[in-house]
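A.B. asks: Supplied in structure tokens, the structure appears directly below.
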Amino acid sequence: MAIHKGAGELNQRITFQRQVVTVDDIGNRLNVWSYYFTCWASVSTSKLSTTEEKNEAAQTLEQERLDFTVRYCSQTNEIRSTEYRIIFKERIYNIDSVDNADFKKQMLKFSAYLERR
């Protein structure tokens, strides 16, 4: 599936954060999120399922999922779903997949879901 976006369609600012391990004053290792990269993106509703069952509460909750399409560059090429997340409109989205558009090095699409707090 090819992804083609014109420059005018990349009209939303998003920020990528990277999870890093730090050590506090007494030697405890902590996972923290740090700023990685900000860029323009096209944002759309994901075609993936928007409902998720929560077994512990025996209920079905709607899960907001978005696709973020950005230009390929050295910074976006480094992003992996297990170590990065997206901040969009002050909300946190966990990345679950990265589509590199048939390896053409033009655009990348990140599918992500809203983190529940």
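The values are calculated or read from the model by the stated rules, or taken from the named source; none is laboratory data. As the structure is a prediction and not an experimental result, all values here were calculated from the model. Because the Cβ atoms are built from the backbone with ideal geometry, glycine has one as well, and the counts that use them run over all protein chains shown. Only protein heavy atoms, including side chains, enter the accessible area calculation; ligands, DNA and RNA are left aside. Shrake-Rupley method; radii C 1.70, N 1.55, O 1.52, S 1.80 Å.
A.B. asks: How would Ser111, Ser74, Ser44 rank on accessible area, largest to smallest, probe 1.4 Å? Provide the component values of the computation, followed by the final result.
C.D. replies: Values: Ser111 10, Ser74 85, Ser44 50 Å².
Largest accessible area first, the list is Ser74, Ser44, Ser111.
A.B. asks: Between Val20 and Ser44, what's the calculated FRET efficiency when r is the beta-carbon distance and R0 is 22 Å? Round to 0.05. Could the numbers behind the result be given before it?
C.D. replies: Values: r = 30 Å, r/R0 = 1.34.
The value I calculate is 0.15.
A.B. asks: With r defined as the distance between the Cβ atoms of Val32 and Gln106 and R0 fixed at 25 Å, what FRET efficiency is calculated, to the nearest 0.05? List each step's numbers first, then the result.
C.D. replies: On the way: r = 33 Å, r/R0 = 1.30.
Calculated transfer efficiency: 0.15.
A.B. asks: Also, quick follow-up: Given H placed on each backbone N at 1.01 Å, which residues far from Phe37 in sequence or on other chains put an amide H within less than 5 Å of it?
C.D. replies: Phe16
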